[in-house]
1. Got a sec? Which of Gly82, Gly50 is over 15 Å from Asn120 (Cβ atoms) and free of Cβ contacts under 8 Å to residues at least 40 places away in the same chain?
2. With respect to Gly29, is the statement that it is modelled with pLDDT of 95 or more, surrounded by 16 or more Cβ atoms within 10 Å (Cβ to Cβ) and touching a helix residue (DSSP H, G or I) at 6+ places or on another chain (Cβ under 7 Å) true?
3. Does Phe57 count as part of a helix (DSSP H, G or I) and either open to solvent by less than 50 Å² (accessible area, probe 1.4 Å) or in contact with a helix residue (DSSP H, G or I) (Cβ under 9 Å, 6 or more places away or on another chain) (or both)?
4. Across the stretch 32-54, what is the total count of residues that are surrounded by fewer than 13 Cβ atoms within 10 Å (Cβ to Cβ) and in contact with a Ser or Thr (Cβ under 9 Å, 6 or more places away or on another chain)?
5. Which one of Leu23, Leu66, Leu40 is part of a strand (DSSP E or B) and either in contact with a helix residue (DSSP H, G or I) (Cβ under 6 Å, 6 or more places away or on another chain) or in contact (Cβ under 8 Å) with a residue 40 or more places away in the chain (or both)?
6. Somewhere in the stretch 121-130, is a residue in contact with a strand residue (DSSP E or B) (Cβ under 6 Å, 6 or more places away or on another chain) and not hydrophobic (A, V, I, L, M, F, W, C)?
7. Would you mind stating whether Ser9 is more than 23 Å from Pro130 (Cα to Cα), open to solvent by 50 Å² or more (accessible area, probe 1.4 Å), polar (S, T, N, Q) and without any contact (Cβ under 8 Å) to a residue 40 or more places away in the chain?
8. Considering only residues of the stretch 93-120 that are closer than 18 Å to Val68 by Cα, in contact (Cβ under 8 Å) with a residue 24 or more places away in the chain and assigned to a loop (DSSP other than H, G, I, E, B), which is most open to solvent (accessible area, probe 1.4 Å)?
Amino acid sequence: MCSSGKIESSTRKVVDTLYEAFLRGDVAGMLELFAEDISLRFLGQADVRGIGEARRFFAFASSLLLDVSFHIERTIIDGEWGAVVWNETARTLSGEPWVNQGIDIIHVQDAQVRALHENNDVRLVRRHFPRYV
């Protein structure tokens, strides 16, 4: 396997492991994959750096939706970069239906997630979620 193929294989393994942990609700498993200086951005909600701040953000965000059904439509890997196209349904804390879709961009280097940037419908996020401070 050429070096580019090895990089893509490593990136895919980390991305797949990240979403397996997410789908299990295993935040600690997700955080284990993050670099100490992770760049974490959820549009309309948070733009944080560092594992400590990422931990605080996930603690904040973990209870914002109920009965979440998250579906990965496609995973695309190109070298150290991954893109995950997804959709989800849920209920907000006030009981309203939630339907969202987006794409996550993930940078993997040395088997660690260096950046995770979620792109989704910012209007929904701002309408239904409290601001992360």
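1. On the way: Gly82 fails: free of Cβ contacts under 8 Å to residues at least 40 places away in the same chain.
Answer to the check: Gly50.
2. Details: modelled with pLDDT of 95 or more: yes; surrounded by 16 or more Cβ atoms within 10 Å (Cβ to Cβ): no; touching a helix residue (DSSP H, G or I) at 6+ places or on another chain (Cβ under 7 Å): yes.
Taking the combined requirement at face value, the residue does not satisfy it.
3. So Phe57 passes the test.
4. Start the filter on the stretch 32-54 by keeping residues that are surrounded by fewer than 13 Cβ atoms within 10 Å (Cβ to Cβ), which leaves 36-37, 52.
When the remaining residues are screened for being in contact with a Ser or Thr (Cβ under 9 Å, 6 or more places away or on another chain), the result is none.
Matching residues across the stretch 32-54 total 0.
5. Numbers: Leu23 fails: part of a strand (DSSP E or B); Leu66 fails: either in contact with a helix residue (DSSP H, G or I) (Cβ under 6 Å, 6 or more places away or on another chain) or in contact (Cβ under 8 Å) with a residue 40 or more places away in the chain (or both).
That would be Leu40, the only listed residue that is part of a strand (DSSP E or B) and either in contact with a helix residue (DSSP H, G or I) (Cβ under 6 Å, 6 or more places away or on another chain) or in contact (Cβ under 8 Å) with a residue 40 or more places away in the chain (or both).
6. So the first thing to find is which residues in the stretch 121-130 are in contact with a strand residue (DSSP E or B) (Cβ under 6 Å, 6 or more places away or on another chain), and the list is 121, 124, 128.
Subsequent filtering for residues that are not hydrophobic (A, V, I, L, M, F, W, C) retains 121, 128.
Scanning the stretch 121-130 turns up at least one residue that is in contact with a strand residue (DSSP E or B) (Cβ under 6 Å, 6 or more places away or on another chain) and not hydrophobic (A, V, I, L, M, F, W, C).
7. Values: more than 23 Å from Pro130 (Cα to Cα): yes; open to solvent by 50 Å² or more (accessible area, probe 1.4 Å): yes; polar (S, T, N, Q): yes; without any contact (Cβ under 8 Å) to a residue 40 or more places away in the chain: yes.
Yes; evaluated as a whole, the condition is true for this residue.
8. So, considering only residues that are closer than 18 Å to Val68 by Cα, in contact (Cβ under 8 Å) with a residue 24 or more places away in the chain and assigned to a loop (DSSP other than H, G, I, E, B), the one most open to solvent (accessible area, probe 1.4 Å) is Leu93.
The values are calculated or read from the model by the stated rules, or taken from the named source; none is laboratory data. Bear in mind the structure is a predicted one, so any value in this text is a computation, not a measurement. Every residue, glycine as well, gets a Cβ built from its backbone with ideal geometry; the counts of neighbours run over all protein chains shown. Calculation scope for accessible area: heavy atoms of the full protein, side chains included, ligands and nucleic acids excluded. Shrake-Rupley method; radii C 1.70, N 1.55, O 1.52, S 1.80 Å.
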